[in-house]
1. Ignoring everything except DSSP H segments at least 4 long, calculate the 222 nm mean residue ellipticity for the chain; use -39,500 (n - 2.57) per segment, divide by total residues, nearest 500.
2. Determine the sum of side-chain charges near TRP121: Lys and Arg each +1, Asp and Glu each -1, restricted to other residues whose C-beta is under 15 angstrom from that of TRP121.
3. What are the radius of gyration and Dmax of the chain, computed over its Cα atoms and given in Å?
4. Could you please report the charge total around ASP100, scoring K, R as +1 and D, E as -1 over all other residues with beta-carbon less than 15 angstrom from its beta-carbon?
5. Quick check: net charge around GLY20, other residues with Cβ under 10 Å of its Cβ, Lys/Arg +1 and Asp/Glu -1?
6. Looking only at the chain, where both bridge partners belong to it, what percent of the DSSP beta bridges are antiparallel (to the nearest 5)?
7. Suppose every Lys and Arg Cβ carries +1 and every Asp and Glu Cβ carries -1, with no other charges. What dipole size does the chain come out with about its Cα centre, to the nearest 20 debye?
8. Could you give the distance between the Cα centres of the stretch 95-146 and the stretch 1-77, to the whole Å?
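Quick note: the coordinates plus some simple rules give every number you see, no bench work behind them. Here the structure is a predicted model, which means the values were calculated and not measured. Virtual Cβ from ideal backbone geometry, glycine too; neighbours counted across all protein chains shown.
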Amino acid sequence: MMTFDNVAKRLEFHEEFEHGAGANANMISAAEASLGVTFPASYRRFLTDYGWSCIGRFEIYGLGGDVPAWLDVVKMTSIERAGAHARLPAHLIPVHYEGDGDHVCIDTSQRSGDTAAMVFWNHDLGTRQAPEKIADDFADWLSSLL
């Protein structure tokens, strides 16, 4: 499993890495309370250090005073949970929009200690799907992008 520190070192040297100013503990706690989940440690660290990010055209949802509306994890999760077609279950937190209604999500129902699995939510498969696991944790998934 990749540590967030290792991923952060790689991010800092990536020529297309852009990010926000970060989110403080109160912002993160408020987001967790609003969404009814606890974020895994690696995503909390991402939120604290960067808030949100873009790696080229690849966008990652987050928090912070400077987060663009379309990258606000609370706003986007709320929209996807209220969607007309395949409503996102409450245990999934989208962190990247794949297009056509599909998302990469943190699956808070698949926790192991302070980590949580990353899954692919295919909106065409509806709410009864078992989303495909794509990484053991947010840091592993983020590392796979670099």
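1. Numbers: 5 runs with 46 residues, N = 146.
Result for the chain, helices only: -9000 deg cm²/dmol.
2. Combined, the nearby Lys, Arg, Asp and Glu give -3.
3. Gyration radius and largest Cα-Cα distance of the chain: 14.1, 41 Å.
4. -4
5. Its environment carries a net charge of -3.
6. Antiparallel bridges: around 95 percent, rounded to the nearest 5.
7. For this selection, approximately 420 debye.
8. 15
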